[in-house]
Amino acid sequence: MKQSLQLRTSQHLALTPQLQQSIRLLQLSTLELHQELEQLLTDNPLLERLDDPLDRSLRLLADGAIGQQSAPDAPAEGPSQQQADAPAPAESDNYEGGDSDHAPEGDTDWSDAGRGKAPEDDDARPQLEASHQSLREHLMEQMRVTVQEPRDRALVELIVDALDENGYLEESLEEIHERLPEELEVELDELRTALALLQSFDPVGVGARNASECLALQIRKMPGVPLVTRRMALCIVEKHLAWFAQRDFNKLKKALDCDDEDLREAQAVIRQCNPHPGAAFASDVSDYVVPDVIVKRSRNGWAVTLNNDVMPRLRVNALYASLLKQGKGEGQMSAQLQEAKWLIKNMRQRFDTILRVAQAIVERQKNFFSHGAVAMRPLVLREIADTLGLHESTISRVTTQKYMLTPHGMFELKYFFGSHVATEAGGEASSTAIRALIVQFTGAEDPKNPLSDSKIADMLGEQGMVIARRTVAKYREALKIPPVSLRKSL
């Protein structure tokens, strides 16, 4: 084969560093965005943030006195004074950037590129989280008061260490006894005594080996329960707990030889018990969601605004910027200046895109904001993408882990997108609206005669929504609504 040189022209997509950063910032959640921003602020000295979360908070000074941190715009000495004298961002702008595509390079203002206002609450103070006490610490405190002998304390502590997070004893006493060294000469009866002592501690039910024992311990210590009702409740949890969980009341009445009223009283006693006594001491930290956009009713309909609390106020350091203008900066500083300008511009573009997508969603889901989830209409990502002239993948990034605060609650932007179900009139109904109707139907049902999946499907058919029974069952399970047998009560 003869070798030759040829020239060909082709097109390919090149992702510049600025475009890569824009895509990455767009898909980050609010928490991830601020974590990414903190890292960028550490790496780039030309970039600074104005909205310090600890602004206007109390600080411990070097001399031991307590002072209040001044706001970022307050006058200060040295370079900070030059930054404070920079022009303030215009309140009418959605997000001020540090770069302008229309201004000449020599006239670009690098000194201020933020938006929003500093907190106006002068009395704002950082809140300190209270120390958390674990289940083990709670039990050990009670043991130090009630148990005096060191050997008994050691045995109780041994059983405490074998408890799970719900307060149940995972190992049997025989297994614990087998792994103890023989030279300690611990008898199995000593472990039983230590377990009985542990089961007398608070919370009631701790140290139980199964759900039946846990409920029985609580029923025995429950005050103000008639003797007959207490005995019946104990009989249910110790011998017929499976029937009670399945709500097989006919078998329970036959086994206990009682009527509906007696069984109802015993059921009320059992429902007062806590099957997971140790769960209250779990160290799980609640995750709080901060909305990216807020929807409020206005005179002209529903208005969408960005949440100023999640929008960082950024600008280029005025001192370094002036040095670069005078030609005194190094080559690395010029690159960092460009990176700072890119970040500010991409940050502005991120929030502008989120606002545009949120406005398009609200425009198409007006009925939801006026009437609730039952009025949700079918919506797909392609519809929003075509309207805004964006790619469908961009809409997917914008709606992932971005939240909207509405009069009906907090929702992820993806919540407003859903599949459609055909109606008898030839139209379409949103799957979200069908789920809302299922919740509405089951919430208003007769507890003694709950609605079956077939009945719910028939009721949806009366609303003009053609849906199969198995689809109702799928939606009901997704909503964590128990089946009809478990929703039935006396």
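The values are calculated or read from the model by the stated rules, or taken from the named source; none is laboratory data. It should be emphasised that the depicted structure is a prediction, and the values quoted were computed from it without experimental measurement. Because the Cβ atoms are built from the backbone with ideal geometry, glycine has one as well, and the counts that use them run over all protein chains shown. With ligands, DNA and RNA removed, areas are computed over all heavy atoms of the protein, side chains included. Shrake-Rupley method; radii C 1.70, N 1.55, O 1.52, S 1.80 Å.
Worth a mention:
- Condition check for residue 128: at pLDDT 50 or above and under 30 Å from residue 50 (Cα atoms): yes
- Residue among 407, 378 that is touching a strand residue (DSSP E or B) at 6+ places or on another chain (Cβ under 8 Å) and modelled with pLDDT of 90 or more: 407
- Any chance residue 463 is on the phi > 0 side of the Ramachandran plot and open to solvent by 70 Å² or more (accessible area, probe 1.4 Å): no
- Residue within segment 397-412 that is free of Cβ contacts under 8 Å to residues at least 24 places away in the same chain and surrounded by 14 or more Cβ atoms within 10 Å (Cβ to Cβ) present: yes
- Scanning segment 35-47 for residues that are under 20 Å from residue 337 (Cα atoms) and assigned to a helix (DSSP H, G or I) gives 36, 37, 38, 39, 40, 41, 42, 43.
- All of (1) surrounded by 13 or more Cβ atoms within 10 Å (Cβ to Cβ); (2) outside the structural domain of residue 349 (by the TED database); (3) within 28 Å of residue 31 (Cα to Cα) hold for residue 390 with one exception: (2).
- Among residues of segment 267-282, those that are open to solvent by 80 Å² or more (accessible area, probe 1.4 Å), of a type outside the set (Lys, Arg) and at pLDDT 90 or above, counted: 2
- Some residue of segment 274-294 being farther than 30 Å from residue 216 by Cα, assigned to a strand (DSSP E or B) and of a type outside the set (Lys, Arg): yes
- Qualifying residue in segment 247-266 (condition: buried (at least 19 other Cβ atoms within 10 Å of the Cβ), in the same structural domain as residue 338 (by the TED database) and of a type in the set (A, V, I, L, M, F, W, C)): no
- Qualifying position, being over 22 Å from residue 432 (Cα atoms), open to solvent by less than 80 Å² (accessible area, probe 1.4 Å), in a helix (DSSP H, G or I) and at pLDDT below 90, among 355, 319: 319
- Hey, residue 171 charged (D, E, K, R) and open to solvent by less than 60 Å² (accessible area, probe 1.4 Å) or not: yes
- Pairs linking a residue in segment 238-262 that is within 21 Å of residue 220 (Cα to Cα) to a residue that is aromatic (Phe, Trp, Tyr), with Cβ atoms under 7 Å and 6 or more positions apart or on different chains, are 252/243; 252/244.
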